[in-house]
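First up is the structure itself, then whatever we jot down about it.
What follows draws every value from the coordinates through simple rules; no lab data is involved. All values reported here derive from a predicted model rather than from experimental measurement. Heads up, the Cβs are rebuilt from the backbone with ideal geometry, glycines too, and the neighbour counts pull from every protein chain shown.
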């Protein structure tokens, strides 16, 4: 799935790219065999843009985003193929030392569960000053503490000076996620990776955290990769969306395009399964079948073929892996029969 | 052992201002570990008692020359196996030596043979455990196979081997006890590191740019610290017994030097006529070991920030 056969160069205006991930293949070697987590995922991220990566559990969305940071434990993970260019530098072949330099400074990660992402034995202040100073030893402890208090105030934590004295267990989940965001933006990174930032939180707090993320991003002008399985979160925050299925990006488009004109049958089915897509009182739609197991050899055709409503028994779907087609400017989909998508 | 100075003082702790749980961090929540340890020890009578016992034994051992009423090694045939009296508060042994004096002087030997091996084993075992657990791979395999081998070695057998090779004595006894204790710490700390290594806060810290060394120093070690201290204290109690056992068997301190284990052994023959000769050092060993164990528990509670709320609740009750 390297170059799209119908690449329409010249049609798209040249767009600056901050991060470009190309044909990424990541496997996990386990006792039971090789798990194919990511099978040729490609996506790119423009400066200041928010890219939502959506997909169900195990579709490879976290692994493809996190492999950019070098934080995928290896072994068991193995990056088989692919590249991830940040300013022309391939992060997948960069030394662990170089990646460490980049983490925090250029790329910062916000994790899913704020309950476990803070070290229980240190105060908030101690951890924040550490996060600030680890990237810049020239900052004095006092200055780092002042900055930490300032950051806490900016992420909407009242009485930040007092909070700095507290341990993580004294803060609520939402507060902790605010602290994590404050730590992530402390060194003004150019890329934020938010891995399911609201999944572990109460619904009421989720909205606040999403607002805060949008605010932080606006202030930093940072590009964001937002990993989620929640289409609502995507609709709210993302500029563009990459839909992943079984380790591949099956469709990418601007968020409005994707919601209004889904081209890939999986995207179509996914949107149809939203509660909002079904009139009141009717049964909700669900995609028949289950995703393929990532363990063992990959089937040759399209991974979605067994569950696909568009396939209609055609053999090509199970014999040939679909290429990624430019279906419209800046809208790509990996389906042999994309032309059959409803207009 | 310093917090004990508070323990012997009357338990008069100023009550904290009414805590406002919802707005205020509350008392204790944001205190230093040593402050929490002090609180813990002063409010828990068992912990306070243990600290007091250990303080007493330590002070007595340090001030032995001034405190001991008699020379511990001087033989007086006129008062052999005498029971407690005004002259000899805890009686005398089969050679007429003052038991209280020997107990005080013996405390020096017993504490050293307990604390030094426990500390050395703690440090060495923790370094090995962190190395094995954090680095993993062949380092882990190598370290842990050596540890397994050492662990299957009874310390008395090792002490006998060392005594046979190098001669019996205090240092060799300590060496034997240390060598067989290192693996216990190494195993424990490795297991703790393995689980801490997988914590999300380690990944989060690395996601924000922490290096491997920073990760170990700031996140791995502090999270194993409470295990180290608690188990170190508990092991010290075990060391008291181990050292006494070796002396009892004649593999440790050589006569006439006073030592609790040796005293226990020397009273054996006269157990029927003068039970105090054995029971006094025996009870001392028991009480000191118990004190180490109880204090270990208290230290655990104090070092774990998650227990603080619990402690506050207890204090308020």
- 10 Å Cβ neighbours from other chains, averaged over peptide B:223-231: 1
- Query: With the calculation restricted to Cα positions, what are the radius of gyration and Dmax of chain B in angstrom?
  - Reply: 23.0, 77
- For the residue pair residue B:293 and residue B:87, what label-to-label distance in nm results when each label sits 7 Å from Cα along the Cα-to-beta-carbon direction? 3.9 nm
- Task: Could you work out the relative contact order of chain B, using alpha carbon pairs under 8 angstrom and six or more residues apart, expressed as a whole percent?
- Result: 23 percent
- Answer rounded, prolate or oblate for segment A:70-115, using the Cα gyration tensor with square roots of eigenvalues a ≥ b ≥ c: rounded when a/c is under 1.5, else prolate when a/b is larger than b/c, else oblate. oblate
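In percent, how large is the relative contact order of chain A, given Cα pairs closer than 8 Å and 6 or more residues apart?
Working: 643 pairs, mean separation 74.4, N = 343.
Relative contact order of chain A: 22 percent.
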- Item | For A:120-127, mean number of other protein chain Cβ atoms within 10 Å | 5
- Treating each Cα of the protein assembly as shown as an identical point scatterer and ignoring solvent, apply the Debye formula and state log10 I(q)/I(0) at q = 0.11 Å⁻¹. -1.10
- Task: Specify the angular offset, from 0 to 90 degrees and rounded to the nearest 10, of the alpha carbon long axis of helix B:137-151 from the longest principal axis of the alpha carbons in chain B.
- Result: 20 degrees
- So residue A:90 and residue A:278, fully extended at 0.36 nm per residue minus their Cα-Cα distance, gain in nm 63.3 nm
- Task: Rank by packing, highest mean first: peptides A:306-318, A:259-271, with packing defined as the count of other Cβ atoms within 10 Å averaged across residues.
- Result: A:259-271, A:306-318
- Query: Once both axes come from the Cα atoms, what is the angle between helix B:45-62 and the longest principal axis of chain B, in degrees from 0 to 90, rounded to 10?
  - Reply: 50 degrees
- Shielding by partners - mean other protein chain Cβ count within 10 Å, residues of A:173-185: 1
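Could the peptides B:164-176, B:185-197 be put in order, highest first, of the mean number of other beta-carbon atoms found within 10 Å of their residues?
By packing density, highest mean first, the sequence is B:185-197, B:164-176.
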- Please figure out what share of the DSSP beta bridges in the protein assembly as shown is antiparallel and state it in percent, rounded to the nearest 5. 65 percent
- Value at 222 nm in deg cm²/dmol, rounded to 500, when DSSP H runs of n ≥ 4 in chain B each add -39,500 (n - 2.57): -21500 deg cm²/dmol
- Item | Efficiency of FRET between residue A:218 and residue B:127 - r from beta-carbon atoms, R0 60 angstrom, step 0.05 | 0.80
- Task: Quick one: pull the percentage of alpha-carbon pairs in segment A:117-188 with a separation above 19 Å.
- Result: 21 percent
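Going by a ≥ b ≥ c, the root eigenvalues of the Cα gyration tensor, does segment A:249-337 fall in the rounded group (a/c under 1.5), the prolate group (a/b larger than b/c) or the oblate group?
Here segment A:249-337 falls in the oblate category.
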- Query: In whole angstrom, how far apart do the alpha carbon centroids of segment A:53-86 and segment A:294-343 sit?
  - Reply: 22 Å
- Two-site label geometry, residue A:159 and residue B:198: point separation in nm, points 7 Å out along Cα→Cβ: 3.9 nm
- Query: At q = 0.15 Å⁻¹, what log₁₀ I(q)/I(0) does a Debye calculation on the Cα points of chain A give, no solvent, two decimals?
  - Reply: -1.30
- Query: In percent, how large is the relative contact order of segment A:117-188, given Cα pairs closer than 8 Å and 6 or more residues apart?
  - Reply: 43 percent
- Item | Cα-based shape type of segment A:39-121, given that a ≥ b ≥ c are square roots of the gyration tensor eigenvalues and the cut on a/c is 1.5 | rounded
- Where in segment B:167-198 does the label zone of residue B:254 land, with the point 7 angstrom along Cα→C-beta and an amide N cut-off under 18 Å? B:167-176
- Ordered by packing density, taken as the mean number of other Cβ atoms within 10 Å over each peptide's residues, highest first, how do B:233-244, A:283-294 rank? B:233-244, A:283-294
- Item | Rounded tilt (10° steps) of A:124-133 against the dominant C-alpha axis of chain A | 80 degrees
- Between residue A:101 and residue B:213, what is the FRET efficiency for a Förster distance of 22 Å, r being their Cβ-Cβ separation, to the nearest 0.05? 0.90
